[in-house]
1. Over the chain, what is the relative contact order in whole percent, taking alpha-carbon pairs under 8 Å and six or more residues apart?
2. Stretched out fully, how many nm does the piece from GLU91 to ALA24 gain, at 0.36 nm a residue minus the Cα gap?
3. With a cut-off of 15 Å, note down the residues of region 139-176 whose backbone N falls inside the zone around a label point 7 Å from the Cα of SER76 toward its beta carbon.
4. Can you run phi through the Karplus equation (6.51, -1.76, 1.60; θ = phi - 60°) for region 28-45 and list ³J(HN,Hα) in whole Hz, with x for Gly and Pro?
5. Taking the Cα centre of region 135-202 as the origin, how large is its charge dipole in debye, to the nearest 20, when only Lys and Arg (+1) and Asp and Glu (-1) carry charge on their Cβ atoms?
6. Find which of ALA33, TRP60, ILE160 sits farthest along the positive direction of the dipole of the chain, computed with +1 on the beta-carbon of Lys and Arg, -1 on that of Asp and Glu, about the Cα centre.
7. Need one number: nm distance between label points at THR125 and ASP103, each 7 Å from Cα along Cα→Cβ, rounded to one decimal.
8. Lys and Arg at +1, Asp and Glu at -1: add these up for the other residues within a Cβ distance under 15 Å of ARG23 and post the number.
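The values are calculated or read from the model by the stated rules, or taken from the named source; none is laboratory data. All of these numbers come straight from a predicted model, not from anything done at the bench. Positions of Cβ are generated from backbone atoms using ideal geometry, with glycine treated the same way; all protein chains shown enter the neighbour counts. Side chains included, ligands, DNA and RNA excluded: accessible areas come from the protein's heavy atoms. Shrake-Rupley method; radii C 1.70, N 1.55, O 1.52, S 1.80 Å.
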Amino acid sequence: MSQAKPASRPSADATRRNEASRRAILSAAFELAGEIGYDKLTIEAIAARAGVGKQTIYRWWPSKGAVLLDAFLMLSETGETPGLPDTSDLEADLKFVLRATVDELADPRFDLPLRGLTSAIMHDTDLAATYVERLQGPIDDLKRRRLAAAQAAGQIAADIDLDVAIAMIWGPLMDRWLLRTGTLTADFADRVVETALRGLRG
């Protein structure tokens, strides 16, 4: 009886080509989402901008939303273990983080792509689960870790539900940005932190 031959591993050159194509696709998806919006974004347009065949994209991703999610994940690749600042001054640290969040949400380069990803998540439960697992979940873990340190230091009440605390601190910014109910400013971010901490300190 003949034995099946083991599958050959891709060569180093093929691996590099695949990685270059992947990054070109993700960059193209992010750029196009910012230029024409998510609704008009197509796999064909991404393929043309990236210089690859559309079957390459379909082989690696199930939808344009999945491509855009990976584009955001690529942007978050730093090679370092991230963390929220901890200067022992919780209010100052949170104001620093929320002001940076305001700057990012107000950046025209991120606005349409992020709104597109949000829309895709709302209509695709599998994509939403992947988003939570790969992007939002790890970010929330960092927030939870910083608040737990503050809790241990007696800066917020010991019985506070940290998941609720995260929603209280970051939720107002996302709500104002998503629904366009007002202008996102550093002053608004500061007031959110001050108001939230008054309740969290107990």
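1. For the chain, the relative contact order is 22 percent.
2. 20.1 nm
3. The answer is 139-145, whose backbone nitrogens lie closer than 15 Å to the label point.
4. My calculation for region 28-45 gives 5, 4, 5, 4, 5, 4, x, 8, 10, x, 5, 4, 8, 5, 10, 4, 4, 5 Hz in order.
5. Using Cβ point charges on Lys, Arg, Asp and Glu, region 135-202 gives about 120 debye.
6. TRP60
7. Distance between label points: 4.0 nm.
8. 0
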